[in-house]
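Notes follow once the structure below has been shown.
The values are calculated or read from the model by the stated rules, or taken from the named source; none is laboratory data. This is a predicted model, so every value here is computed, not measured. Positions of Cβ are backbone-derived with ideal geometry, glycine not excepted, and every protein chain shown enters the neighbour counts. All accessible areas refer to the heavy atoms of the entire protein, side chains included, with ligands and DNA or RNA removed. Shrake-Rupley method; radii C 1.70, N 1.55, O 1.52, S 1.80 Å.
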Amino acid sequence: VKIGILGAGQLGRMLALAGARLGIQCACYDQSPDACAGQVAPLTVGGWMDLERLDAFAAGVDVVTYEFENVPVEAAEHVARRVPVYPPPGALRVCQDRLEEKTLFRKLGAETPAFEAVGTLDELRGALERVGLPAVVKTRRDGYDGKGQAVVRHGSEAAGVWERLGGGAGAGRTPLIVEAFVAFEREVSIIAVAGRDGSRAFYPLTENRHEGGILRVSRAPAGGGGGGGGGLQRTAEALAGRALGAMNYVGVLAIELFEVRGHLLCNEMAPRVHNSGHWTIEGSATSQFENHIRAVAGLPLGSTAMAAEGACAGMVNLIGTAPALERLCGVKGVSVHMYGKEPRAGRKIGHVSAVAASPGLLGARLAEVQGLLGA
Ligand SMILES: Nc1ncnc2c1ncn2[C@@H]1O[C@H](COP(=O)(O)OP(=O)(O)OP(=O)(O)O)[C@@H](O)[C@H]1O
Ligand SMILES: [Mg+2]
């Protein structure tokens, strides 16, 4: 099989590397000639709605997937008329819109923060009253790394936030959603994978720390949940399983959750491999990237167990700039991943992961890396 990947960022790059190990060749498609997966796999450069270019790309592969969730659904549907596309474009559609996403979570019986879609400034004012303050106002579409959102603490901020986020209909405006601000104890994510034969697997819950809306550090297994019996894990797996079923899903799906007093509230989901699963490259028997490749290629899924029984694993993102490679590679017991991207403020340019026999040892290794970042 040859797999086509729409999007050629670091996620595409790590998918292509995982494919290569199985002898499966991947080819990427991106708007940018500099997209970093192009350094490890053939890259076709074209616009998302350049249907001829997409046709030519699809003609050279057996199956297509994506690593970028803002690929236009129409482009994915167009490609799906030529070759199978996994996850199905319908899943892409749901995951692109925070309103559809949260509506699906509710339909599946999952908890979410209170939310309301708003199309006018008056509706925003009303929604802020009903949802309560503080609240988070977000663009329904195209947000990432905390972009396109604002926390509102006073009703008087409504007009300013409306303007800043460009709320409304028509040219240059965008529909918004209001969510209750959740004073969570921590953020966790569940990464699930579904095979073409209906098989499913789930990684251990990952605990994630964000700063300024960007993921900084992940650790797994997150553990926790009533009586140490893995209650949270079971709850998250059941939820993710329902989401996979509802979307006829094939591939890796990530769901971001807020933990509050033993409850899991769904924040959002991503129809792709996810930053909070990067630790699985060294930490799991089969990484999220390999399992996505296996799923899309119609192969049996690999084990999602920790690479060593009882081990824990984690990851620190390299954002904006990175210490010299000499220094990173000098840290014992960690794995360095650089994406081949130019440093730029707020940009994810690499990550460092570690696997350890105890949470204490893991913490020490990750802290050593973070120490280099501060320096
Ligand atoms: N309702 C909320 N209450 C409290 N904090 C929130 C809420 N919504 C978002 N956040 C914080 O902002 C972060 C980014 O928000 P969210 O995941 O919705 O946006 P995003 O830009 O799509 O993120 P990414 O693409 O990086 O996952 C969350 O991980 C969380 O830390
Ligand atoms: Mg998020």
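Based on the mean of other Cβ atoms within 10 Å per residue, sort peptides 183-194, 200-211, 362-373 so the most packed one is first.
183-194, 200-211, 362-373
Tell me the carbon and sulfur percent of the accessible area for the stretch 225-375, rounded to whole percent, probe radius 1.4 Å.
It is 53 percent, rounded to a whole number.
Give a residue-ordered list of calculated ³J(HN,Hα) values for the stretch 343-350 (Karplus: 6.51 cos²θ - 1.76 cosθ + 1.60, θ = phi - 60°; whole Hz; x for Gly, Pro).
Couplings: x, 7, 3, x, 8, 7, 10, x Hz.
Of all the C-alpha pairs in the stretch 145-254, what % are more than 18 Å from each other?
Here the tail beyond 18 Å accounts for 65 percent of pairs.
Can you compute the equivalent ellipsoid semi-axes for the stretch 313-375, i.e. the square root of 5 times each eigenvalue of the Cα gyration tensor, sorted largest first and rounded to whole Å?
Square roots of five times the eigenvalues give 21, 11, 10 Å.
Could you estimate the translational diffusion coefficient of the stretch 1-134 from the Stokes-Einstein equation, with Rh from the Kirkwood formula over C-alpha pairs, at 25 °C and 0.890 mPa s, in whole µm²/s?
Result for D is 148 µm²/s.
Heavy-atom accessible area per residue, the chain, 1.4 Å probe: how many Å²?
Roughly 41 Å² per residue, with all protein chains present.
Excluding Ala201 itself, calculate the net charge of residues whose Cβ lies under 14 Å from the Cβ of Ala201, where each Lys or Arg counts +1 and each Asp or Glu counts -1.
0
Given a cut-off of 22 Å, name the pairs among Lys2/Lys341; Lys147/Lys348; Lys102/Lys147 whose C-alpha atoms lie farther apart than that in the structure shown.
Check vs 22 Å cut-off fails for Lys2/Lys341.
When the Debye formula is applied to the Cα atoms of the stretch 214-317, each taken as the same point scatterer, what base-10 log of I(q)/I(0) results at q = 0.12, 0.24 Å⁻¹?
Computed log10 I(q)/I(0) values: -0.42, -1.61.
For the stretch 62-117, take every pair of Cα atoms, bin their distances at 10 Å starting from 0, and report each bin as a whole percent.
For the stretch 62-117, the pair-distance distribution reads 23, 43, 25, 9, 0.
Quick one: length gained pulling Phe181 to Glu342 fully straight, 0.36 nm per residue minus the C-alpha distance?
54.5 nm
Limiting things to C-alpha atoms, what are the Rg and the maximum Cα-Cα separation (Dmax) for the stretch 271-315, in angstroms?
Final numbers for Rg and Dmax: 10.6, 30 Å.
Assuming 1.567 mPa s and 4 °C, estimate D for the chain with Stokes-Einstein, Rh taken as the Kirkwood radius over Cα pairs, in µm²/s.
61 µm²/s
Can you grab the distance from the C-alpha centre of the stretch 337-360 to the C-alpha centre of the stretch 136-201, Å, no decimals?
Centre-to-centre distance over Cα atoms comes out at 25 Å.
May I ask you to derive the FRET efficiency for His154 and Glu100 from their Cβ-Cβ distance with R0 = 35 Å, giving the value to the nearest 0.05?
So, using R0 = 35 Å, E works out to roughly 0.75.
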